[in-house]
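Quick notes on the structure that follows.
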Amino acid sequence: MKFSFDSFVNGSFDYDPKTEKHTCLWLREEQMDIGGGKISVADIDKLKDYPETDMVKISGLRQDTFEYFIQTYGNQLKAISFFKNKLVEDWSLLATLPNVEYLDFFANQRIQSLWDMSANHSLTGLCINDFSRLTSIEGIETAPALKDFRIGNAIWSTMTLDSLMPLANCKIEKLMFSGKSIADNDFSFLADMPDLKQFDFPTNMLSTEQVAWIVANFPQLEGYALKAKLDTKLFDSSMNNVPGVLIVGKRKPSLAIEGNEKRIEKYLRTFEELKQKYKDVPYKTAFPEKG
């Protein structure tokens, strides 16, 4: 498997199908519980035996061991997966890692804001999932080289961010939000992201009108939900799999194709009409109550 941010985040880069195990070094408490455990300095110092290793997964950090890990080994590493380090409160020391390229975080209950990324000159991929107290992405604009930014939830979609407006004028190429909602409902920032190539979000997060506005005004963007419908499989009354479609948009239905052809066609026709309506219309003009 080719090493990339995608393969790093999903764990496929180091998976050995013969042994059915992952080969990336995972630093953790030997008897780690489901919550991530509590890693010791001795557990972290196992990294001394791998001086050539430049990527690692680590679990069970508290504030003191997080600081020890970053100060002692941070400059050795290019890719770090922080998995279940729920009690780390301050991650500002990440600002001291000019060589790190990929950072992947899962599960934290204390952190409330991003760090100053201006010195993270090599950071191109950042993924943050299931941070229960993080509601703002202010500071993301300080990352000078960031190309791929993902934030939200890996389990249940519960995260609400205040706004995505800090992304305006960022050079990010891939943006993914997998949470519940954006509080200010303002997507005008897209007009100030000329380098953006892909934007993914839950199919039921935006209204059909908002999706049509994005598709009409940024036809270069790719995205799972940037279309009128998604083909899928549904269960009929006899629990048999049947061809179906998911209509994109808040409170829109999933429909079996058979028997709903005219209804589906109406949704598609309406989507095309909305695209024409919103073409070249600024977001805050199209949706004054949202922006």
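The values are calculated or read from the model by the stated rules, or taken from the named source; none is laboratory data. Every value quoted in this text rests on a predicted model; they were computed, and no experiment measured them. Heads up, the Cβs are rebuilt from the backbone with ideal geometry, glycines too, and the neighbour counts pull from every protein chain shown. For the accessible areas, the whole protein counts, side chains as well, though only heavy atoms, and no ligand, DNA or RNA atoms are used. Shrake-Rupley method; radii C 1.70, N 1.55, O 1.52, S 1.80 Å.
Tabulated data for the structure shown
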{"quantity": "C-alpha center-to-center spacing [segment 263-291, segment 136-161] in angstrom", "calculated": "27"}
{"quantity": "Of the trypsin sites (Lys or Arg not before Pro) in segment 182-282, those whose Cβ has at most 12 other Cβ within 10 Å and which sit in DSSP loop", "calculated": "251"}
{"quantity": "Relative packing of 55-61, 165-171, which averages over residues the other C-beta atoms within 10 Å, highest first", "calculated": "55-61, 165-171"}
{"quantity": "Cα-based shape type of segment 1-68, given that a ≥ b ≥ c are square roots of the gyration tensor eigenvalues and the cut on a/c is 1.5", "calculated": "prolate"}
{"quantity": "Note, ³J(HN,Hα) from phi for segment 6-18, Karplus 6.51, -1.76, 1.60, rounded to Hz, x at Gly and Pro", "calculated": "4, 6, 5, 5, 8, x, 7, 5, 10, 7, 9, x, 6"}
{"quantity": "Gyration tensor verdict on segment 1-147 (Cα atoms; rounded if a/c is under 1.5, prolate if a/b is larger than b/c, oblate otherwise)", "calculated": "rounded"}
{"quantity": "Alpha-carbon Rg with Dmax, taken over the chain, Å", "calculated": "21.5, 66"}
{"quantity": "Charge dipole (debye, nearest 20) of segment 43-127; +1 at Cβ of Lys and Arg, -1 at Cβ of Asp and Glu", "calculated": "240"}
{"quantity": "Length-normalised contact order of the chain in % [C-alpha pairs under 8 Å, at least 6 apart]", "calculated": "9"}
{"quantity": "Ordering of 133-141, 97-105, 27-35 by burial proxy (mean other Cβ atoms within 10 Å per residue, highest first)", "calculated": "97-105, 133-141, 27-35"}
{"quantity": "Three-way shape call for segment 109-203 based on the alpha-carbon gyration tensor, with the a/c threshold at 1.5", "calculated": "oblate"}
{"quantity": "For segment 67-162: accessible area per residue (Å², 1.4 Å)", "calculated": "41"}
{"quantity": "For segment 1-105: relative contact order, % (alpha-carbon pairs under 8 angstrom, 6 or more apart)", "calculated": "22"}
{"quantity": "Low-density loop positions, chymotrypsin sites (Phe, Trp or Tyr not before Pro), segment 124-212 - DSSP coil, at most 12 other Cβ in 10 Å", "calculated": "156"}
{"quantity": "Share of carbon and sulfur in the accessible heavy-atom surface of the chain [1.4 Å probe, %]", "calculated": "49"}
